[in-house]
Structures are given as C-alpha cells and as structure tokens.
Amino acid sequence: MKRRLFGLLAAVLTLGLVAASCGSEGVTTTRAAFVYVGPVGDAGWTWAHDQGRLAAEATTGVETAFVESVPEGGADFADSVRQFIDDDYDVIIGTSFGYMDDMLALADEHPNVVFEHISGYLSNDTNFGNSFGRMYEPRYLSGMVAGSATMSNQVGYVAAFPIPEVIRGINAFTLGVQEANPGATVEVVWTSTWFDPVVEGDSAQALLDKGVDVLAMHQDSPAVGEKAEAAGARWVSYNSDMSAFAPNAYLTAPVWDWGPRYAEIIEAARAGTYTPAPDGYWGSMADGVVALAPIASDVNADVVAAVEARRAEIIAGTFHVFSGPINDQDGYEAVAAGETLDDGALLGMEFFVQGVIGTLG
Amino acid sequence: MIGLLVATVSFGALLYLAALGELISEKAGVLNLGVEGMMAMGAVSAFMAAHQTGNPWIGLVVGILAGALTGLLHGWFTVVLGAEQVVSGLSLTILGLGFAAYMGKNVVGRPPGAVLAPVDWGPLTDIPWAGPVLFGQAPFVYLAVLVGIATWFVLSRTRAGLALRAAGESASTADAAGHSVVGLRLCAVGIGGGLAGASGAYLTLTLTPQWAEGITAGRGWIAVALVIFGAWRPGRAAVGALLFGGLLALKTRLQTFGVDFSPILLSMLPYVSTIAVLIAISVRARNRPSPAPAALGTAYRREER
C-alpha cells in the first residue's frame, strides 16, 4: 500500500513537472524582477527604483518581484538572478553600477531573458541594455533655487566620489546657482563614500562651520539635511523628496522617476520587440526619468516662476545646461560661446566650472 | 577651527565609550572583537525604542541593554563554554551587524522619534572657545568622561577592580583568592557590551539621528585599536580617543581648510598609529612586561590548571 502510494505520488509529481515546464514554454506571461543594491527603505536611490517598479506594475499589469540589499561584486547578484530566472521571470533589472559585468555574462547565458542595467555603459545587440538619466538637468534647476536662498552667498555640496556623474552634477548645480546669484560660490567636500551617515553629516557640519547656509548633496542618506535643519540652514536633497527629514530646511530635490521607463522596457519585452538602445538610454526631463521635486512653499514666487520657465525651456530643448560660454574653475574657457558639450564630453567630465571651490579628489 | 575641536571631542567620546567597554572586558581577560556588532545592536535598539516611545532616554537605556545582552552572548560562549575568543568575537560582529539590519528593516529611513540634543549649560556655553567645545556637547560626551573616571577609579583603587584585573592577569590566582572568575568575566563582558551599546546609541540618537544598515561603518574596530593604543589604561585611551576622534573630524575638514590630502589616507591613520604603538610595545617588552593582561584571550577552566 505504502509503495503504491509512493508510486502514485511520483507519477503526480512528474506530471506536475511536465505540466509546469509546458506552461512556461507555452503561455508566456511576462514577469519582471528587480535587484537592488540597498534597502527599499533607504529614502533615496533604491527607494526611487522601487517606486518605479510599483508604478510600472500598475501601468502594465505585469507581476513584479524584487530582492534588496544585494552587494556588488560577489556571487549574490548572479545567484538572485538565476533564482528569478528559474521562477520564470523573463525581465531582470539591476540597479547598481557594479552589477554590470555579471549582467552581461548572464544575458549571454539566457538569451530569452531581457536584462536592463541602470547606470552602466555596457550592452549587447539583443537582450542586454542600459538606462540612466540626465540628472544634471534638474540639478541645474535645484541650483537656481539654492542660489536664490543663500544669504551668505556660500553654498555647500557634500559629494561622494570625484567621478564624471558626480562632477557633472556639481557643475550643473553651480551653473544654476550662478544664474540666480552670480556672486555665489559652491564649496565641495568629498566623503569617499556613497553611504555613511556619520561622515555625510560631519561633512555638512564642516561646511556649515565655514559659513555655508545652503547645502546640496550627492549622497544616499538624509544626514546632510538633518545637520542643515539643526543649524537653521537650507537643504537641497537628492533621489527623492526627503522633506520629512528636515521640514524647515528642505528646499527641493532633483529626483528620479523610473516608472515610465520601466513600463516601456516591460511592454517591449512582453511584445517581443525589446532591443537595447545602441548607446544606452539616457533619459532627460522631457522623457520624465528625472525631474525636480516640488519646491518648498516658502520660496519666493518669482524664483519659482524663473525655475518653471527654465524647466519648460529644458524640456522643449531650447536651453541646454552645458552651453557656452562656460569657464573652468581657474577662469579659462571650457566651452566657447555658441557651443554645447556633446554626450561624450558630458559622460567623461573631469573639470569644475568657475565658482566651484574644491579639488577633483 | 572651533568646529574641528567640537567634532574632535564629539567623535572622541563616541570612540571612548566603546573603547572603555572593550578595555574593561580585556582587563578581565576576555578579548571581544564583536564591538562593531554590539554597537550596531545598541544603535538599532536605541533608535527603535526612541522612535516608539518618543523618549530618547528610554532609547539610551534600551541601547545599553541591547549591547550588554549581545556582549553576554560572547560571554556565554567564551567564559562559560570556553570557546575560542577571537572566533566568537568575530562571529559576534557578523551576527550583530546582520541581526541589527534585520531588526531595523522597518525603521530604515524613518525620521527619528526623539533626539538627545546637546546639554544647555547656560552662560558656560557662551565662553569663547571652551564654551562650545566643552559645554556645547551631547549628554554622551559627559557620560563618556564620567565612565572614564569611574573605570580608572574602580580598576585601580577598589578591591572589585583588583579582583577583575586578577581575573585577567592570572585567573587561577583570582580563583584561589576566592573570586568567581566566571562571574567577574561575565560582568566585565556585560558592562563592555553595554558601553558599546551606548556608543551605538550615540550614533542613532545624536550624531545622525536615523537608522541605516552599516551606520557603524567600522568605528567599533577603531575602538578595539584604541584599547591597544592606550596600553589598557583609561587615561591614555582618553588621549588616544581625542587623537583618533580628531582624525575622524579632520577627514572632512581638511578639505574645507584647503589642504589637499587624501581623505582615504587620513582614515587609515588610526590603524597605522595603532600598529606603530604595537611595535613600540613589543620593542619595549624586551626589558619590561607587556601592558596587555597576561591571561587575555585564554579561557579559564579550573580542572585544567
């Protein structure tokens, strides 16, 4: 009796397996999986991606899943991806730079799965693409708000590493500050970390001690805002609207909105029309991937109007942040009048514009 | 410049609290490399308690208790069961960091419920220079000073301190003198954990009032190094804490002073100077006994004498 039951069980299991594999071959339901480098509750980078996931799920109706706090450069990333693929997920989105090489290898291994990498530069011709956003556009606008808010004409900027992405952001911000307030300077402190709230906060304090009264940041925690709040200074956050951490200090923030892009990728995968963008997808404010968060209610209406006007011009393509004349930190011409830096120059940016105080590492 | 001194004292106290805990534990003969883990447990527990109750003092007490309990886990393994102290301590670091991350999942990125703000000393705070540096600090700084003095007094001036040191120098002698080596060592490890917990609470209740995984960022290890740097003496450790705290404060401020020196090299300095002190100690040890407790790192079993 026992043996017969066992045989029956084995038969049922085998049938089940066959049915399951038939299912995944026959009816293709697109499912998207996200791998995050940080916790979804970080209020910053990963939180913004998870909001994008939820928005894409709502617009496409596709089932999604995620795994958080997956470190770069170990076996964990590939393991999580393989697990998702075993569970029939056919769109994999990885949101950290360090996943890039693993993703390329996995994409070759699994030609039927669509891979999209955020913030890298590699891709293949079939199933591996990468996306990023022109964050320098809203950073310029946030600079205008900061430039109008400073009384001491000294703005501080707490930044992680001197790489082109961060340098581009500092330069765009500074150009924005100077449009609103030509005499103001932006002083940079490098923390050598994306995420260490103690160092981020202390860097902010060091700048405040020097007389800075508006702080901006390229960091993942809200520690800078807490110091600004305590000192009665103002704050431009990053990644997401972090006003809850420093309600009085908060001015505005350049933010991510990944929902539309994620929906686009998932729709293309579902329709079987996905092809990686040849040089990578670099979405702008016009595309909606990057945006400026609402400006604090106590900011002067004239300032808000000026920012709105610039925003419209950037979206219309009539204003470009890196159009000359732009001088470098030492006063030499970096971009001639009438010229605009192309994407190659933007992606490899290794100089500070005039008005930035600090060294490139 | 005042800002640098304020930050030096404030970071110094952060390191000093944890280092005093490690010092007490090591004086009793128990090396606890789990400072980082105990700090993380104290940090997350203090934040959660303050978040729940809105009272930072409850947060502090809960943080101390969490650190002490985590420390006692190490005590249970190494003192009661006689496990290898280095292995258990390293495991405690990994366990503490991991468990703290798990516990704190729902409060990541939450605004603080309550903050332990700097004490207001009234007119004293207005004294130029000394005012903000000495009288503009958070309660944790004064706690660190009090605990430092108490540690020095108890260890060198009381019978209880003598018994504790005996447990760390020669456990069998302490045993023969009628002291409970297990009791003394557990007590020391528990107090050590509590102080590491307090240091963690300082992080999440005052320095950066928020919880995030990895907020301790290796500062527990600096505390371990500090005990060696201070040659197992509370007074010298205080000097070391100010020195290392100054290095932490300089890491960001050197740039604002316009000095072009890599912040990465600067964050190496505490460890480099600790190695230098270790070398100095071993060179000196040729003709003088090492300042390290003689029984440090060894389990005590009465039958194996």
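The values are calculated or read from the model by the stated rules, or taken from the named source; none is laboratory data. Given the structure is predicted, the values throughout are model-derived calculations rather than measurements. Neighbour counts run over all protein chains shown; Cβ positions are idealised from the backbone, glycine included. In case anyone asks, the SASA skips ligands and DNA or RNA and just uses the protein heavy atoms, side chains included. Shrake-Rupley method; radii C 1.70, N 1.55, O 1.52, S 1.80 Å.
The listed peptides B:287-300, B:70-83, A:198-211, B:194-207, ordered by packing as a protection proxy, come out as B:194-207, A:198-211, B:70-83, B:287-300 (highest mean of other Cβ atoms within 10 Å first).
Using the Kirkwood formula on the Cα atoms of the stretch A:306-349, what hydrodynamic radius do you get, in angstrom to one decimal? So the Kirkwood estimate lands at 11.5 Å. Count the lysine pairs in the protein assembly as shown whose Cα atoms lie under 26 Å apart, taking only pairs 8 or more positions apart in sequence or on different chains. Here the count comes out as 4. Per residue, the Cα convex hull of the stretch B:165-254 amounts to 116 Å³. For the stretch B:44-99, the direction-averaged projected area of the alpha-carbon convex hull comes to 3.8 nm². Taking one quarter of the surface of the convex hull spanned by the alpha-carbon atoms of chain A gives a direction-averaged projected area of 21.2 nm². Calculated on C-alpha atoms, the gyration radius of the stretch B:52-144 divided by its Kirkwood radius gives an Rg/Rh of 1.13. Within the stretch A:118-266, the percentage of alpha carbon pairs spaced more than 21 angstrom apart rounds to 42%. Ratio of Rg to Rh for the stretch B:195-248: 1.00 [Cα atoms; Kirkwood radius as inverse mean 1/r over pairs].
Computed log10 I(q)/I(0) for the stretch B:218-305 at 0.14 Å⁻¹: -0.61, from the Debye equation with unit scatterers placed on every C-alpha and solvent omitted.
The Cα-based radius of gyration and maximum Cα-Cα distance (Dmax) for the stretch A:269-359 are 17.3, 52 Å.
Convex hull volume per residue, computed on the Cα atoms of the stretch B:1-48, equals 82 Å³. Across the stretch A:153-277, Cα pairs under 8 Å and at least six residues apart give a relative contact order of 21 percent.
Of the accessible area of the protein assembly as shown, computed with a 1.4 Å probe over protein heavy atoms only, carbon and sulfur atoms account for 62 percent. Per residue of peptide A:204-213, the mean number of Cβ atoms on other chains within 10 Å of the residue Cβ is 4. Whole-percent P(r), the stretch B:114-197, all Cα pairs, 5 Å bins from 0: 3, 13, 16, 16, 13, 10, 9, 8, 6, 5, 1, 0. On the principal axes of its alpha carbon atoms, the stretch A:57-116 extends 32, 25, 18 Å, with the longest extent given first.
Helical runs assigned H by DSSP (4 residues or longer) give the protein assembly as shown a calculated mean residue ellipticity at 222 nm of -17500 deg cm²/dmol, each run adding -39500 (n - 2.57) before division by the residue total. A viscosity of 0.890 mPa s and a temperature of 25 °C, combined with the Kirkwood radius over Cα pairs in Stokes-Einstein, give a translational diffusion coefficient for the stretch B:1-155 of 145 µm²/s. Please compute the Cα-Cα pair-distance distribution of chain B with 10 Å bins starting at 0, giving whole percents from short to long. For chain B, the pair-distance distribution reads 7, 27, 34, 22, 8, 1, 0. Both numbers refer to the Cα atoms of the stretch B:149-218; Rg and Dmax are 16.4, 49 Å. Its alpha carbons give the stretch B:147-305 an Rg and a Dmax of 18.7, 63 Å.
If you wrap the tightest convex hull around every Cα atom of the stretch A:89-164 and split its volume per residue, you get 115 Å³. Above 35 Å lies some portion of the pair distances; for the protein assembly as shown, what is it as a whole percent of all C-alpha pairs? Tail fraction, whole percent: 50.
Electrostatic tally near A:Y274: other residues with Cβ closer than 15 Å to its Cβ, Lys and Arg +1, Asp and Glu -1, net -2. Contact order for the stretch A:130-181, expressed relative to its length and based on alpha carbon pairs under 8 Å spaced 6+ residues apart, stands at 58 percent. Taking every alpha-carbon pair under 8 Å whose residues sit at least 6 apart, chain B reaches a relative contact order of 36 percent. Ranked from largest, the principal axis spans of the Cα set of the stretch B:139-186 equal 41, 20, 14 Å.
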